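No lab work stands behind these numbers, since they all come straight from the coordinates. Worth saying up front: this structure is predicted, and the values here are computed from it rather than measured. Here Cβ is always computed from backbone atoms with ideal geometry, including for glycine, and neighbour counts include all displayed protein chains.
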Amino acid sequence: MPVNPAGEQFTGDHDARGLRFAIVVSRFNRPITEKLLDAAQRTLADHGAQDVDIAWVPGAFEIPPVARRLARSGRYDAVICLGCVIKGETAHFEHVSREAASGIAAAASETGVPVIYQVLSVYDPAQAVARVTDEWNRGREGALAAIEMARLLKVLPA
């Protein structure tokens with residue numbers, strides 16, 4: 001039995017027309033992050049977005065403050081964060097991945113703007129490559145999530 005059968009249901013869609021997006025992308029592991037970026041940009045364009053700004057940062061650890069600044073600016077309906085952290089021989093991978101994730105989540109929470117997390121945290125380069133194929137690309141998934149969340153926030157009560 002539905003909890004509130006008379007209540008409303010709110011959903012977003014994938015119509016990006018009239019929405020503004022920013023993408024924060026890491027230069028570290030650039031062959032992977034460029035494929036994430038390309039897929040995100042193509043997906044946004046395919047769904048009608050015309051205003052997409054790109055901010056390049058050195059690595060995944062540097063994504064959160066830039067994402068927060070962009071989200072706070074009031075210029076964007078959503079911010080997409082793209083990066084790739086590949087495990088090495090030390091615990092550095094875990095620290096960078098954790099801090100990137102928590103910083104990106106905090107940016108969304110603090111600003112109320114959808115800040116989409118698509119920072120790959122993988123154990124080896126093959127896993128990264130598998131996540132940027134034509135069939136399955138996390139950049140595309142991030143763009144679709146950004147569009148849907150931006151549209152959802154537009155229909156939710158204030």
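Expressed as a whole number of Å, what is the distance separating the alpha-carbon centroids of the stretch 7-44 and the stretch 60-129? So the separation of the two Cα centres works out to 13 Å.
Diffusion coefficient of the stretch 20-146 by Stokes-Einstein, Kirkwood radius over Cα pairs, 10 °C, 1.306 mPa s: 112 µm²/s. Taken over the stretch 1-79, the ratio of Cα radius of gyration to 2.2 N^0.38 Å equals 1.41.
In this simple spin-label model, placing a label point 7 Å from the Cα along the Cα-to-Cβ direction at both H95 and R30 gives a separation of 2.5 nm. Stretching W136 away from D124 to a fully extended chain increases their span by 2.6 nm, per 0.36 nm per residue minus the current alpha-carbon distance. Charged side chains reduced to their Cβ positions (Lys and Arg at +1, Asp and Glu at -1) give the stretch 28-158 a dipole of some 280 debye around its Cα centre.
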